[in-house]
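Read-outs: derived from the displayed coordinates by stated rules, not from any lab. Computed from a predicted structure; not experimentally measured. Positions of Cβ are generated from backbone atoms using ideal geometry, with glycine treated the same way; all protein chains shown enter the neighbour counts.
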2 protein chains.
Amino acid sequence: MAGRLYLLPAGLGDSPWQATLPAQARDIACRIDYFIVENAKTARAELKRLEYPRPLREVETAEIPRDPTAADWLRLLQPVLAGRDAALMSEAGCPAVADPGAGLVRAAHGQEIRVVPLVGPSAVLLALMASGLNGQSFAFHGYLPIPETERRERITVLEQQSRRERRTQIFIETPYRNATLLDTLKEACQPATLLCVAAALTTAEEWIATRTIGQWRRAPAPAIARKPALFLLLAE
Amino acid sequence: MAGRLYLLPAGLGDSPWQATLPAQARDIACRIDYFIVENAKTARAELKRLEYPRPLREVETAEIPRDPTAADWLRLLQPVLAGRDAALMSEAGCPAVADPGAGLVRAAHGQEIRVVPLVGPSAVLLALMASGLNGQSFAFHGYLPIPETERRERITVLEQQSRRERRTQIFIETPYRNATLLDTLKEACQPATLLCVAAALTTAEEWIATRTIGQWRRAPAPAIARKPALFLLLAE
């Protein structure tokens, strides 16, 4: 009988596991010794954060290759098909959301392996909850294009679509570009459009504010440089 | 100094709180005695599930009125402005996602009250993780229209948009209509389109499958009647 593929969320920062993971999810992680991960070194650090009870040399961590093929997914799932439970972990937050792990989950369904999602932190979801923007219709878009002209065009399209469909638009940025993205949003959006910036979620430095673009223009720049942040936009 | 507005996720079923809530989130809930809720009776049942340590008669539960106005939100936030911590709870899952609580969170930002989202279960997010569909671009649409013609048109539009933008489309249905919606999806979508059905998440009856529409047509009907379910669609 095949094992199960658990989906194990990883912490978003240096908070203790008791802040971000239910005890039962952590118990399940502690019974598993086969982890499918993006990076073995950071995955082992995450297991330390979980106070994983066994020596880590007894743990197998298999890395997802760059540009994985169907054959790669099947190879990673072989131990599960042979009866061993596995956990898929991401670098931060929920696996298969905004990371390459979804292909593994889909391959598991193809093999009729039971997939069990565990509760844990998702920056996208925490930011949406905390934004106060529309939680009945929302879309996550990942990263915006980097070239300035394309980026502005994309922001304008997202803003227009948000107004038309009353939809919260969610996107992310690499931490060192946060301040620049906020400046572009302040210039490109309408004054009445609502913007939430949610940074360093679940950590001691957590910072969340929702304001109109007009209010953002008048407010002092927030200290979000180099902190993981999400941006949420709702045009009304 | 104002109190904080915590966003406290509620369980999705009858699982123990240790399966769905981190210990620190539960500790925070146990220190709070002012809860802003949709329904006082079910909120009190949820506090029992959390093994809330004090007699529930010492707890204040304020219900969000139907069609709340700005004045209603401000009234609900008065104790917080006066220095008391509060928690917003939904009927199931994360507050302010697919429920009416977002207005309260937005009003809290307007009063510069600190908003603190707590980690907990979200059926939308658990379903997305477990679907294996695209987690780098996704949209949540709530309920589809009920009249059959409008519903089919909407499904076709969502499928076309999914193909064009490689976006996972997520929607929900009231449990007693699950089987009918699945039948409509099987008829209305292309055979190669991927559909995930995720039912009774986090409970002993959890059931999740991702298949092509062609495969769904050939498979026996799943036992999802009267179970809370999400539907996720990806056209490729």
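Which whole number gives the average count of other chain Cβ atoms within 10 Å of the Cβ atoms across peptide B:15-21?
Per residue, the number of nearby Cβ atoms from other chains is 5 on average.
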How big is segment A:4-117 on each of its three principal axes, counting only the C-alpha atoms and giving the largest first in Å? 36, 28, 23
For segment B:123-234, what number results from the quotient of the Cα radius of gyration and 2.2 N^0.38 Å? 0.96
Applying a 10 Å radius around every beta-carbon, put A:59-67, B:171-179 in order of their mean neighbour count, most first. B:171-179, A:59-67
Label point 7 Å beyond Cα along the C-beta direction, distances from B:Pro175 to other copies (nm, shortest first): 4.3
Can you tell me what share of the DSSP beta bridges in the protein assembly as shown is antiparallel? A percent to the nearest 5 is fine. 55
Give me the base-10 log of I(q)/I(0) for segment A:172-236 at each q in 0.13, 0.18, 0.24, 0.29 Å⁻¹, Debye formula, one uniform scatterer per Cα, rounded to two decimals. -0.31, -0.59, -1.02, -1.38
Give me the net charge of A:Asn39's neighbourhood, meaning all other residues with Cβ under 13 Å from the Cβ of A:Asn39; Lys, Arg count +1, Asp, Glu -1. -2
Using Stokes-Einstein with the Kirkwood hydrodynamic radius over Cα pairs, what translational diffusion coefficient do you get for segment B:56-176 at 25 °C and a viscosity of 0.890 mPa s, in µm²/s rounded to a whole number? 143
Counting only DSSP beta bridges fully inside segment A:86-236, the antiparallel percentage to nearest 5 is 80
Could you tell me which residue in chain B puts its beta carbon nearest the axis mapping B onto A, with the distance rounded to whole Å? B:Ala139, 2
Considering the Cα trace of chain B, what is its radius of gyration and what is Dmax, both in angstroms? 19.7, 62
Equivalent-ellipsoid semi-axes of segment A:136-184, from the Cα gyration tensor, Å, largest first: 20, 13, 8
What is the antiparallel percent of DSSP beta bridges lying wholly in segment A:4-117, to the nearest 5? 5
What angle do you read, to the nearest 10 degrees and between 0 and 90, between the alpha-carbon axis of helix B:148-165 and the longest principal axis of chain B? 90
Explain nothing, just the number: dipole magnitude of segment A:123-234 about its Cα centre with +1 on each Lys and Arg Cβ and -1 on each Asp and Glu Cβ, in debye rounded to the nearest 20. 220
Between the helical axis of B:70-81 and the dominant principal axis of chain B, each derived from Cα atoms, what acute angle in degrees is found, rounded to the nearest 10? 50
Set Lys and Arg Cβ to +1 and Asp and Glu Cβ to -1, take the dipole of chain A about its Cα centre, and tell me which of A:Ala225, A:Ala96, A:Leu5 lies farthest positive. A:Ala225
Which residues qualify? For A:Glu63, with a placed amide H closer than 5 Å and at least 5 residues away or on another chain, they are A:Val37
Add +1 for every Lys or Arg and -1 for every Asp or Glu among the other residues with Cβ under 12 Å from the Cβ of A:Ala96, and state the total. -1
Nm distances between the label at B:Asp67 and the same-position labels in the remaining copies, 7 Å along Cα→Cβ, shortest first? 5.8
Mind sorting A:Val119, B:Val80 by how few other Cβ atoms lie within 10 Å of their own Cβ, fewest first? B:Val80, A:Val119
About the Cα centre, charge dipole magnitude for the protein assembly as shown (Lys/Arg +1, Asp/Glu -1 at Cβ), debye: 100
Using only Cα atoms, find the angle between the long axis of helix B:40-49 and the longest principal axis of chain B, and express it within 0 to 90 degrees, rounded to the nearest 10. 90
Computed about the Cα centre, the charge dipole of segment A:36-170 from +1 Lys/Arg and -1 Asp/Glu charges at the Cβ has a magnitude in debye, to the nearest 20, of 260
Cross-link pairs beyond the 27 Å C-alpha cut-off, checked among A:Lys41/A:Lys227; A:Lys227/B:Lys48; A:Lys48/B:Lys227; B:Lys41/B:Lys186: A:Lys227/B:Lys48; A:Lys48/B:Lys227; B:Lys41/B:Lys186
Those residues of segment A:1-35 whose amide nitrogen sits under 14 Å from the label point placed on A:Val59, 7 Å along Cα→Cβ: A:8-11, A:17, A:26-35
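Shape call for the protein assembly as shown from the C-alpha gyration tensor, a ≥ b ≥ c root eigenvalues: rounded (a/c under 1.5), prolate (a/b greater than b/c) or oblate?
Judged from the Cα gyration tensor, the protein assembly as shown comes out rounded (a/c under 1.5).
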Any idea which of A:Leu56, A:Ala192, A:Leu158 is furthest toward the positive side of the dipole for chain A, if Lys and Arg beta-carbons carry +1 and Asp and Glu beta-carbons -1? A:Ala192
